[in-house]
Amino acid sequence: MPIQVYADQPIVIVIDPGHGGENLGAEYDGYTEKDMTLIVAKAMKEELEKYNNVIVYLTHETDQDMSIKDRAAFAGERNADFLFCLHFNSSVEHNLFGAEVWVPASGEYYAKGYSFAQIQMREFTDFGLYSRGIKTRLNDKDENYYGILRYCTGEGVPAALIEHCHLDQEKDKKFYQQGEEQLIAFGRMDATAAAKYFGLKSDILGVDYRDFPVPQTEIPEGIVRPDKTEPELCRIEVTQVNEDTGEVTVQMEAEDADSYILYYRCSLDGGDTYLLPEEWPRPDAWNESAPSCSFTIKVPFDEKIALLASASNGFDKWTDSNIIELDAIPDPQRLKEEAFQRAQQEAEEEAQKLLEQMQNYNQIHFDEEAPNKGAEDADSNLIQVTVIIGGLILCMIFISFFMARAIFLLVKGNKKR
């Protein structure tokens, strides 16, 4: 039957700051996960304590070592209604981004975890984070992979593991690298999600979530397994090539019947290397992806391109598309420079020809002059010839200049393939 929670009785909440002591967690750009989760957890506790009928604990309030099993036992000893385990993320290749929530994989613990996670995910997306989804993960014994979920289930405590964002990807850095106040905002956001889930009211904050529509999740009959298969469809088509800018517009289709499309990425060398992943459009809901998307990438000039794209589902399983071979796009700047150099060379050659003609004319003219012709007449003729030839040279230079400019403007035109 559906699980729905209201705060008719005092609620006991346990918040677990991930890592601690010698267990540093993720480290990147001078940030350490264990320090960040403790700040977020304290802010979440402070915010939740502003609500009526709620008791809030932290598994640890200082930077200390504490086993996963002891954290779950702490919640069990206090008869907690829920444990929220707070984390930040990173990936092996430093290329993934977004927020996600992990929940237990079976029974009422899955139903309660998933119902809460839907509220948390809405808070994330309203905050501007990209949703990586709500997921389960199993170990080789078909148990919950994450110890905090496994041990909390054993203690009879519903739980969720919250990954706020990735420390090692540029798209997520803006959510945590602008000061401690951002981490405090995360804690307040987590508290709001918990308050909505439990239907809490706060006289201090002036909010009342007693009628908040908590999503209802059916209790599954068996284990809810993660999707281990790749997307079934991934196909691309080049719709436009801009030879002036090197921009290639691509129409891409992708589909996964068991999940949703999470990211896409491109390769310009047939899959040997890839550009960083980008968001796949999901306009209606975090777990409903659009059937296609269009994007534009910039390719290098003067190189043949083997264009390929990949699509991943919510569990980071990738499928490659077809490969499209693109001829090298000539570099417009190189073409302009070459055209100008050719025009300049032609102008110089024409000028040289005219100069040679002038010299030949002078030689013939003076050879045919009568020996008794006066020096004054010879000088006058030489000046006239020089002026005429000089004028012709200037005309040729101007003509060559306008030829070069015409070629420049022709190359500058926007040609489409």
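Summary table
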item: Subset of segment 167-187 (residues that are in a helix (DSSP H, G or I) and under 16 Å from L276 (Cβ atoms)); result: E170, K171, D172, K173
item: Residue match in segment 199-206 (condition: β-branched (V, I, T), over 29 Å from T32 (Cβ atoms) and surrounded by 15 or more Cβ atoms within 10 Å (Cβ to Cβ)); result: no
item: D65 surrounded by fewer than 15 Cβ atoms within 10 Å (Cβ to Cβ), more than 26 Å from the chain's Cα centre (by Cα), without any contact (Cβ under 8 Å) to a residue 60 or more places away in the chain and assigned to a helix (DSSP H, G or I); result: no
item: Only one of I323, I305, I329, I261 that is surrounded by fewer than 18 Cβ atoms within 10 Å (Cβ to Cβ), in contact (Cβ under 8 Å) with a residue 24 or more places away in the chain and β-branched (V, I, T); result: I323
item: Identity of the residue in segment 86-105, part of a strand (DSSP E or B) and among the aromatic types (F, W, Y), that ends up surrounded by the fewest Cβ atoms within 10 Å (Cβ to Cβ); result: W102
item: Residue identified as of a type in the set (A, V, I, L, M), surrounded by fewer than 16 Cβ atoms within 10 Å (Cβ to Cβ) and either out of contact with any helix residue (DSSP H, G or I) (no Cβ under 7 Å at 6 or more places or on another chain) or not assigned by TED's automatic domain parsing to the domain that holds K135 (or both) among V214, V224, V248, V238; result: V238
item: Enumeration of residues in segment 188-214 that are assigned to a helix (DSSP H, G or I) and among the basic types (K, R); result: R188, K196
item: Test: K141 is within 17 Å of E218 (Cα to Cα), at pLDDT 95 or above, basic (K, R) and more than 29 Å from the chain's Cα centre (by Cα); result: no
item: G18 vs. criteria modelled with pLDDT of 95 or more and surrounded by fewer than 23 Cβ atoms within 10 Å (Cβ to Cβ); result: no
item: Residue that is surrounded by the most Cβ atoms within 10 Å (Cβ to Cβ), among those in segment 26-48 that are touching a residue at least 40 places away in the same chain (Cβ under 8 Å) and among the hydroxyl-bearing types (S, T, Y); result: T37
item: Exclusive hit being surrounded by fewer than 20 Cβ atoms within 10 Å (Cβ to Cβ), among the β-branched types (V, I, T) and modelled with pLDDT of 95 or more, set T125, T59; result: T125
item: Among (1) within 20 Å of the chain's Cα centre (by Cα); (2) part of a loop (DSSP other than H, G, I, E, B) - the single one E303 does not satisfy; result: (1)
item: Single condition R132 does not satisfy, out of (1) charged (D, E, K, R); (2) touching a Leu at 6+ places or on another chain (Cβ under 8 Å); (3) in a loop (DSSP other than H, G, I, E, B); result: (3)
item: Failed item in (1) surrounded by fewer than 21 Cβ atoms within 10 Å (Cβ to Cβ); (2) under 25 Å from P226 (Cα atoms); (3) touching a residue at least 12 places away in the same chain (Cβ under 8 Å), with A160 passing the rest; result: (1)
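The values are calculated or read from the model by the stated rules, or taken from the named source; none is laboratory data. Remember, predicted model here, so these are calculated numbers, not experimental data. Methodologically, a virtual Cβ is constructed for each residue, glycine included, from the backbone with ideal geometry; neighbour enumeration extends over all protein chains shown.
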